[in-house]
Amino acid sequence: MTYATHVLRHSKKIGSSSNLIRRDSAGLVRWFSNGTRPSMEKGDDILRCHSGLISGERHNIPKSFNRCYSGSAVSNNSCRTVSSRMSCGNALRTTIAPCTSTGSISFIRRSSGSQAPSRRGFSTASDLPPHQEIGMPSLSPTMTEGNIARWLKKEGDKVSPGEVLCEVETDKATVEMECMEEGYLAKIIQGDGASSIKVGEVIAVTVEEEDDIAKFKDYQPSTSDATPSPKAPASSPPPPKEEVAEKPVTPSQPKVSKPSASDRIFASPLARKIAEDNNIPLTNIKGTGPEGRIVKADIEDYLASRGKEAPAAAPKADTSLDYTDIPVAQIRKVTASRLLLSKQTIPHYYLTVDTCVDKLIELRSKLNALQEASGGKKLSVNDLVIKAAALALRKVPQCNSSWTNDYIRQYHNVNINVAVQTDNGLYVPVVRDADKKGLSSISEEVKNLAQKAKENSLKPQDYEGGTFTVSNLGGPFGIKQFCAIINPPQSAILAVGSAEKRVLPGSSEGEYKFASMMSVTLSCDHRVIDGAIGAEWLKAFKGYIENPESMLL
């Protein structure tokens with residue numbers, strides 16, 4: 001009713017203002033839109049009405065405005081509709097284009113959160129009823145494309161807000177995609193297992209009425225829905241013949257200026273820095289961000305693609321080889337891209353130290369006895385390592401930092417990522433504020449996160465925001481010592497080896513003793529952590545490991 005009352009009231013305005021139309025059509029549009037602006041700000045929809053509101057001759061209306069307008073100026077059998085699209089400055093650019101359909105109403109829904117925008121409308125050419133196209137959502141900050149793991153709803157099923165439509169495999173984990181509005185799932189465009197779907201690409205269509213489902217059996221999403229509106233204004237100016245005559249004279253000037261505008265490359269500061277560090281021309285990269293903006297993920301994908309050409313030719317070298325091509329999961333692609341970026345852009349160096357863990361193992365045994373008595377879960381050596389690493393970061397905060405080009409960002413929160421290997425790939429869930437938590441809390445949280453990782457059910461908050469990483473290949477696999485690759489944008493990662501019995505010199509000459517020794521290697525970003533700072537951190541870490549009672553204070 002709100003929009004209907006506005007339309008009726010403004011039609012009366014237009015009906016009584018024929019003189020104003022003849023004198024100044026631009027003034028009419030400003031006068032008319034001023035009254036409709038409040039209704040636009042209140043609602044989530046931009047109403048565009050096509051109907052014969054004005055009788056008389058056609059009047060010329062400017063093609064674009066700098067302010068936000070809603071509505072349409074209509075003549076006898078044709079109308080000029082105001083189409084809108086979002087620009088970088090959160091403003092609406094409006095263009096007026098001619099159309100021949102009458103008596104129709106369409107809506108543009110605003111999207112919220114990280115969900116991809118959905119479009120509702122209908123096509124008069126194919127007599128399609130009102131429907132909504134559901135696009136691939138952006139479910140993480142670095143996500144540019146995703147895969148459909150499986151659909152939990154079938155075509156024809158009724159859907160309600162909050163119900164899970166499908167499982168989407170992102171660059172971090174598999175996330176459930178929920179329905180935003182009530183209706184019926186009319187058509188699934190991208191089925192189970194569909195891969196490399198760009199963010200915003202249509203994956204399904206919903207309708208409001210069950211009877212409309214059959215009409216979308218052969219539906220294919222149109223990729224040119226957004227393009228006709230810019231093209232239409234080009235055909236609307238021809239009425240003034242003098243302007244048409246002037247345009248052939250001036251095209252050389254716009255063509256000279258347009259390349260300069262189009263040659264301007266939009267990229268985030270971080271993306272520009274990574275490109276400069278690797279001598280990558282931004283002109284070689286296609287941006288996937290808003291309005292073609294180049295983002296960090298684009299640079300990472302470009303760096304990762306550098307090494308793909310040579311391996312691609314290798315399988316063709318010997319056709320007699322028997323092999324199987326294993327599809328690369330999204331998490332594997334991201335892991336490869338990020339680790340390649342890390343080794344190419346971060347100056348790694350490594351520090352190794354041996355620590356005696358006899359007292360640590362003894363304390364763990366005592367604490368586990370108390371845990372069993374109270375019904376708690378047992379502590380692992382890795383739980384104690386995480387606690388020691390967190391306390392060492394609090395003592396040497398320079399290692400709890402990131403390189404950001406113009407400055408070094410030192411974090412006040414100590415959030416430890418823990419590397420977890422699963423059948424789907426490597427995950428690094430995060431234990432937040434590990435320096436402030438008790439050993440039992442850390443142990444329970446790590447076990448829960450590891451289980452989520454194995455079930456492929458981690459949420460973004462479960463793995464984002466880490467400031468330091470611990471990777472342990474000693475306990476599970478018996479690896480004595482290794483060097484880990486830094487997880488950007490962090491500046492350090494601790495590689496934990498296995499504990500083994502060694503013979504060590506005793507207190508007096510000729511005496512020997514046995515001790516359990518564990519090797520740990522700290523990988524450091526030399527831009528952030530100097531050698532002496534890295535050594536200081538390892539000294540603090542070793543102190544907590546060899547005197548574990550100090551972690552309880």
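The values are calculated or read from the model by the stated rules, or taken from the named source; none is laboratory data. Just so we're clear, the structure is a prediction, and the values are computed from it rather than from any experiment. Note that each Cβ is placed from the backbone with ideal geometry, even for glycine, and that neighbours are counted across all protein chains shown. Just the protein is used for accessible areas: all its heavy atoms, side chains included, with ligands, DNA and RNA removed. Shrake-Rupley method; radii C 1.70, N 1.55, O 1.52, S 1.80 Å.
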Could you give the nm distance between label points at K217 and L370, where each point is 7 Å from its Cα heading toward the beta carbon?
7.1 nm
If amide H atoms are modeled at 1.01 Å from N in the peptide plane, then the residues at a separation of 5 or more from L152, or on another chain, having amide H under 5 Å from its own are C166, E167
Using the structure shown, list the pairs from K153/K198; K273/K343; K378/K447; K513/K542 with a Cα-Cα distance above 18 Å, or answer none.
K153/K198; K513/K542
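With Kirkwood's inverse mean 1/r over C-alpha pairs for Rh, give me the Rg to Rh ratio of the range 327-458, two decimals please.
Working: Rg = 17.3 Å, Rh = 17.2 Å.
A ratio of 1.01.
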Starting from the exponent 0.38 and prefactor 2.2 Å, build the expected Rg for the range 425-553 from its residue count and divide its actual Cα Rg by it.
1.22
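Treating only the Cβ atoms of Lys and Arg (+1) and Asp and Glu (-1) as charged, compute the dipole magnitude of the range 369-511 about its Cα centre; round to the nearest 20 debye.
140 debye
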From the phi of every residue in the range 399-404, what ³J(HN,Hα) in whole Hz does the Karplus formula 6.51 cos²θ - 1.76 cosθ + 1.60 yield, where θ is phi - 60° and glycine or proline is x?
7, 9, 9, 9, 8, 10
Read phi for every residue in the range 417-422 and hand back ³J(HN,Hα) as whole Hz from Karplus 6.51 cos²θ - 1.76 cosθ + 1.60, θ = phi - 60°, with x for Gly and Pro.
7, 10, 6, 10, 8, 10
5 angstrom amide H check on D157, placed H, neighbours 5+ away
L185
Choose one of T422, I442, H412: the residue whose Cα lies farthest towards the positive end of the charge dipole of the range 379-447 (beta-carbon charges +1 Lys, Arg; -1 Asp, Glu; about the Cα centre).
H412
Phi-based couplings in Hz for the range 455-465 (Karplus 6.51, -1.76, 1.60; Gly and Pro marked x):
8, 6, 10, 5, 8, x, 5, 7, 10, 9, x
In what sequence, highest mean first, do 462-471, 531-540, 363-372, 507-516 appear when ranked by Cβ atoms within 10 angstrom?
462-471, 531-540, 363-372, 507-516
Within the range 433-503, list the trypsin sites (Lys or Arg not before Pro) lying in a DSSP loop whose Cβ has at most 11 other Cβ atoms in a 10 Å radius.
none
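Could you compute the net charge surrounding C179? Neighbours are other residues with a C-beta less than 11 Å from the C-beta of C179; K and R count +1, D and E count -1. Kindly include the intermediate steps, with their values, before the conclusion.
Numbers: positive: K153, K158; negative: D157, E163, E176, E178, E181, E182.
Spelling it out: positives minus negatives among the neighbours equals -4.
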Once amide H atoms are placed 1.01 Å from N in the peptide plane, what residues at a sequence separation of 5 or more from H131, or on another chain, have their amide H within under 5 Å of its amide H?
G121
Among K359/K436; K296/K459; K158/K459, which pairs are too far apart, with a Cα-Cα distance over 32 Å?
none
L552 to K198: extension gain in nm, 0.36 nm per residue of separation minus the Cα-Cα distance?
122.5 nm
Counting only heavy atoms of the protein chains, get the accessible area per residue of the range 363-513 (1.4 Å probe) and round it to a whole Å² value.
50 Å²
